[in-house]
Amino acid sequence: MRTHTTTSSTTATGVTTGTGVTTIAAVRNLGILAHVDAGKTTVTERILYLTGTTHKRGEVHDGTTVTDFDPQERDRGITIFAAAVSCAWAGHRINLIDTPGHVDFADEVERSLRVLDGAVAVFDAVAGVEPQSESVWRQAERHGVPRIAFVNKLDRAGADLDTAVASIRERLHPRPLAVQLPIGTEESFTGVVDLLRLRALTWHDDGTPAAETPVPAGLAAEAAARRRALEEAVAELNPEALEEFCAHGTVTAATLATALRELTRTGEAVVVLCGSAYRNRGIEPLLDAAVAYLPSPLDVPPVRAADHGEDGTRQQRTADPEQPLTALAFKVVAAPTGRLTYLRLYAGTLHKGATVLDTTTGRTERVARILRVMADRHSETDHARAGDIVAVIGPKAARVGATLCDPDHPIRLEAPVSAEPVVTVAVEARRAADTDKLAAALARLAEEDPSLRLATDPETGQRTLSGLGELHLEVAVEKVRRDSGIEAVTGAPTVALREALVEGVGGFVYRHAKQDGGAGQFAHLVLDVRPLADDADGEFAFASTVTGGRVPREYVQAVEAGCRDALAEGPLGGHPVTGVAVTLTDGATHPKDSSELAFRTAARLALRAALRASRMRLLEPVAEVTVTVPEDALGTVLGDLAARRGLVRATTAGHGGTARVSALVPLAELFGYAGRLRSRTQGRGTFTSRPAGYAPAPASAG
């Protein structure tokens, strides 16, 4: 990673001087979320330009963007790695993370959302809510991250704000509240009407803002009607707005703004703005809305420890610089030239040269340098405080998800959960002399991206790399080639199968007795093994109905652990097992030879034997695919999907003589599909996909 370092001082709140920021309340930690090609990176670039952070507008198509700085991102024209940047607007510091929009890099989004306080969801004004838009929206929902929406590309042919808002309502199910009305359509889009203050905001052809004016006469009636509808919608949801509406028959702009901030924070509604980032129209109101409606670190609940204390409660820390240091590592860049660890500080103050405790490993680490982040550029600072997002140099063993804290006040925060890999390739060096170098490069890669898994095939000795998709692995291997200069070759990709229980066994008896000198091992178990109920959470459930102390409590816990061990390899092909419910119904112990180890070993062997006696089936990963093609190629595409074992769910008409097909397709059948689709549609067809769980696989799949 290229690093350009300068030195600057910081204020008492850990923000750079010269920004006018004096309190944590004036900090916004935000993410930019969207489907690929909706315009996230262009929105980010315009924000950086308008805030004076950059002096030239970066363009994705020119490869001049700040956040898409990696050579692969510029070559492919997509965001691959989450990039953090910082800027100042209206006396506020805004820390932005531009996240990937491609499904293969959803884990980057997950790790970013873990440390963000708010988000801007960007939607294409023509396409509306697209598959990955929905996925990242749900991810933000799981993390409780408040959002505002920006409908982008209103200058495109077929763009329509009302249609996009309707798709938000229908597919995402929030209460969308549009606070702007476009002035002009498609090519003639010149600005927006601010419905709160009933003013017109327009921009010149060069993207500079024109003076505010009254609402154009031709839009006055529609603007008044939409303002009234906005007042009524807000009054339905907010008691203060309702009281004012009932008393005066209207709601003031100040009351609307306060109500919209509260509704955004609680997730009861989403504020919708619009514009064209490419043509520099609508970004200033978006920044104003982000500052006005999205929360500061003080507005979000205190961060809580992952573990319960001895008193049964969990520690919590508020965004206070005077509290003990509490920070979460959410990104690691393990470059050969140095190791950067990206932190979100939830509490306390971090000073240059400080010693911190990594509660994940139990090691203490020294922070040699603290860096403000601007994608691949950094400025050095002496300290950072609660609410900040910074990078540090010094910690050598901290991984993604590690908690760094005050050694005298240990706490462990919940780490981001990485998605399970679904695609695997064999990777080897073209030259035997590079084998060790390749192993080290792949290890660094897996350290940066926890969704990548390294393994060695026990039968062939091949090194394998597993990830979230074909593109994910392609990018990873290309990164090794570029960063390390190692020529790596890969085998054909394979998917990660699962084994599911169809029909189990009851009263399965297993006796484990081992005596080889000294203390022996003894455990007697009776298990009921059944398929997990469809409405049950998770992939495994365990219960015990043993009474009378026939199996002590600590041994019951060992039985559960042993059962979980057994699920790593199923009887059909050594694939992980899912959908199993185990009940321990009886057992027996030996006064000398029984132990937790004996019962854990017995449970592992017992469940494996029970699964061999049960009826099992293979499952394969499937993806929800959305294909957009010209209508004259629809029949060809439908036939090809059928040949790929795809289940077509819907076919709808799109814009400009196109058709959209939604289908469930086995992931294994999507390898190479992009090239095949292009050839069958003369390059006019596109598709997107997202994981949709697992489905029964053909018998030959194993």
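Only a single criterion out of (1) touching a residue at least 24 places away in the same chain (Cβ under 8 Å); (2) touching a helix residue (DSSP H, G or I) at 6+ places or on another chain (Cβ under 7 Å); (3) open to solvent by 30 Å² or more (accessible area, probe 1.4 Å) is not satisfied by Leu454, namely (1).
The lone criterion from (1) without any contact (Cβ under 8 Å) to a residue 60 or more places away in the chain; (2) open to solvent by less than 30 Å² (accessible area, probe 1.4 Å); (3) of a type outside the set (Lys, Arg); (4) out of contact with any Leu (no Cβ under 7 Å at 6 or more places or on another chain) left unmet by Gly207 is number (1).
Scanning the stretch 237-250 for residues that are touching a helix residue (DSSP H, G or I) at 6+ places or on another chain (Cβ under 7 Å) and either within 13 Å of Val179 (Cα to Cα) or of a type outside the set (Ser, Thr, Tyr) (or both), we see that the one that is surrounded by the fewest Cβ atoms within 10 Å (Cβ to Cβ) is Glu240.
Taken together, the residues in the stretch 429-488 that are of a type in the set (Ser, Thr, Tyr) and at pLDDT 85 or above amount to 4. Val103 meets the stated requirement of being over 16 Å from Val270 (Cβ atoms), open to solvent by 10 Å² or more (accessible area, probe 1.4 Å) and β-branched (Val, Ile, Thr). Only residues that are open to solvent by 30 Å² or more (accessible area, probe 1.4 Å), in contact with a Gly (Cβ under 8 Å, 6 or more places away or on another chain) and either at negative phi or without any contact (Cβ under 8 Å) to a residue 24 or more places away in the chain (or both) were counted in the stretch 644-666, giving 3.
When every residue of the stretch 115-126 is checked against the conditions, at least one turns out to be of a type outside the set (D, E, K, R), surrounded by fewer than 24 Cβ atoms within 10 Å (Cβ to Cβ) and within 24 Å of Phe81 (Cβ to Cβ). Just so you know, in the stretch 583-609 the residues that are more than 13 Å from Gln557 (Cα to Cα) and among the aliphatic types (A, V, I, L, M) include one that is most open to solvent (accessible area, probe 1.4 Å), and it is Leu605. For the stretch 424-432, the criterion of being under 24 Å from Gly485 (Cα atoms), free of Cβ contacts under 8 Å to residues at least 40 places away in the same chain and either surrounded by 19 or more Cβ atoms within 10 Å (Cβ to Cβ) or touching a Pro at 6+ places or on another chain (Cβ under 9 Å) (or both) is satisfied by no residue at all. When the residues of the stretch 503-543 are filtered to those that are open to solvent by less than 60 Å² (accessible area, probe 1.4 Å), outside any loop (DSSP other than H, G, I, E, B) and small (Gly, Ala, Ser), the one that is nearest to Tyr694 (Cα to Cα) is Ala541.
Table: residues versus (1) more than 18 Å from Val271 (Cβ to Cβ); (2) touching a Phe, Trp or Tyr at 6+ places or on another chain (Cβ under 8 Å); (3) at pLDDT 95 or above.
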site	(1), (2), (3)
Arg142	yes, no, no
Phe150	no, yes, yes
Asp160	yes, no, no
Pro174	no, no, no
Leu181	no, no, yes
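Among the residues of the stretch 209-247, just one is within 30 Å of Leu50 (Cα to Cα) and under 34 Å from the mean Cα position of the chain (by Cα), namely Leu230. Considering only residues of the stretch 251-293 that are of a type in the set (Ser, Thr, Tyr) and touching a Lys or Arg at 6+ places or on another chain (Cβ under 8 Å), which is surrounded by the most Cβ atoms within 10 Å (Cβ to Cβ)? Restricting to residues being of a type in the set (Ser, Thr, Tyr) and touching a Lys or Arg at 6+ places or on another chain (Cβ under 8 Å), the top hit is Ser276.
Take the conditions (1) touching a residue at least 12 places away in the same chain (Cβ under 8 Å); (2) outside any strand (DSSP E or B); (3) within 26 Å of Ala334 (Cα to Cα); Ala492 misses just one of them, which is (3). The helices (runs of 4 or more DSSP H) located wholly in the stretch 197-287 that include 2 or more residues which are in contact with a strand residue (DSSP E or B) (Cβ under 9 Å, 6 or more places away or on another chain) occupy 217-237, 253-266. Of the residues making up the stretch 311-323, at least one is over 24 Å from Glu108 (Cβ atoms), outside any loop (DSSP other than H, G, I, E, B) and free of Cβ contacts under 8 Å to residues at least 24 places away in the same chain.
Checking each residue of the stretch 78-90 against the condition of being within 21 Å of Leu273 (Cα to Cα), modelled with pLDDT of 90 or more and within 20 Å of the chain's Cα centre (by Cα) gives no match. Scanning the stretch 110-147 for residues that are touching a strand residue (DSSP E or B) at 6+ places or on another chain (Cβ under 6 Å) and aliphatic (A, V, I, L, M) yields Val115, Leu116, Ala119, Val120, Ala121, Val122, Ala125, Val136, Ala140, Val145. Residue check: is Val577 more than 28 Å from Val423 (Cβ to Cβ), open to solvent by less than 40 Å² (accessible area, probe 1.4 Å) and either over 34 Å from the mean Cα position of the chain (by Cα) or in contact (Cβ under 8 Å) with a residue 40 or more places away in the chain (or both)? Criteria not met by Val577. Might you let me know whether the stretch 359-376 holds any residue that is in contact with a strand residue (DSSP E or B) (Cβ under 7 Å, 6 or more places away or on another chain) and on the phi > 0 side of the Ramachandran plot? Looking for residues that are in contact with a strand residue (DSSP E or B) (Cβ under 7 Å, 6 or more places away or on another chain) and on the phi > 0 side of the Ramachandran plot, one finds at least one in the stretch 359-376, hence yes.
The values are calculated or read from the model by the stated rules, or taken from the named source; none is laboratory data. Given the structure is predicted, the values throughout are model-derived calculations rather than measurements. Note that we place each Cβ from the backbone using ideal geometry, even for glycine, and neighbour counts take in every protein chain shown. Just so you know, the surface numbers come from the protein's heavy atoms only, side chains and all, with ligands and any DNA or RNA stripped out. Shrake-Rupley method; radii C 1.70, N 1.55, O 1.52, S 1.80 Å.
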